[in-house]
Amino acid sequence: MAVIRISAPETAKPGEIIELKAMIQHPMETGYRRDQKGKIIPRDIITDFRCTYNDAVVFEAEFFPGTAANPFVSFFARAVQTGPIEFVWTDQHGQSWSERRVLTVS
């Protein structure tokens with residue numbers, strides 16, 4: 001199980017710009033490094049990140065082998081109405097991890 005850290009406000013005023021931060025613990029192995037015995041460490045990277053707010057995509061990113069371990073993203077969105085914010089990471093094998101927060105707009 002990956003460790004996920006999310007920073008998102010619980011409440012916001014209508015129209016307010018909010019900052020969302022997300023990090024997932026992942027080795028992001030490139031497939032180029034070798035272990036102590038000289039064997040190539042298999043490639044293992046997260047390839048995609050997507051954030052939705054009320055089922056609308058507000059941010060997407062593609063990751064590549066040059067991305068550091070434990071990828072971190074920070075971005076902004078406008079608070080429109082109360083609803084869920086979902087953060088989803090997908091790796092090269094199709095495995096996904098997600099975390100969800102609810103933003104209350106009032």
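Since every read-out is calculated from the coordinates, none of them should be taken as a lab result. As the structure is a computational prediction, the values presented were derived from the model and not from experiment. Cβ sites come from the backbone with ideal geometry, for glycine too, and all protein chains shown count toward neighbours.
Table for the structure above
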| read-out | value |
| --- | --- |
| Percentage relative contact order, the stretch 2-106, counting C-alpha pairs under 8 Å, at least six apart | 33 |
| HIS26, HIS93 arranged by Cβ crowding within 10 Å, fewest neighbours leading | HIS93, HIS26 |
| Magnitude of the charge dipole, the stretch 1-85, Cβ model with Lys/Arg +1 and Asp/Glu -1, debye to 20 | 380 |
| Given charges at Cβ of Lys, Arg, Asp, Glu: the chain dipole, positive-most of THR67, VAL105, PHE87 | THR67 |
| In order through the stretch 30-47: 3J(HN,Hα) via Karplus (6.51 cos²θ - 1.76 cosθ + 1.60), integer Hz, x for Gly, Pro | 7, x, 9, 7, 10, 7, 5, 8, x, 7, 5, 7, x, 4, 8, 10, 7, 9 |
| Distance between the stretch 1-28 and the stretch 57-83 - C-alpha centres, whole angstrom | 8 |
| Ranked VAL3, VAL58, criterion: other C-beta atoms within 10 Å, fewest first | VAL3, VAL58 |
| Amide H partners (placed H, <5 Å) of GLN92, local residues excluded | ILE45, THR47 |
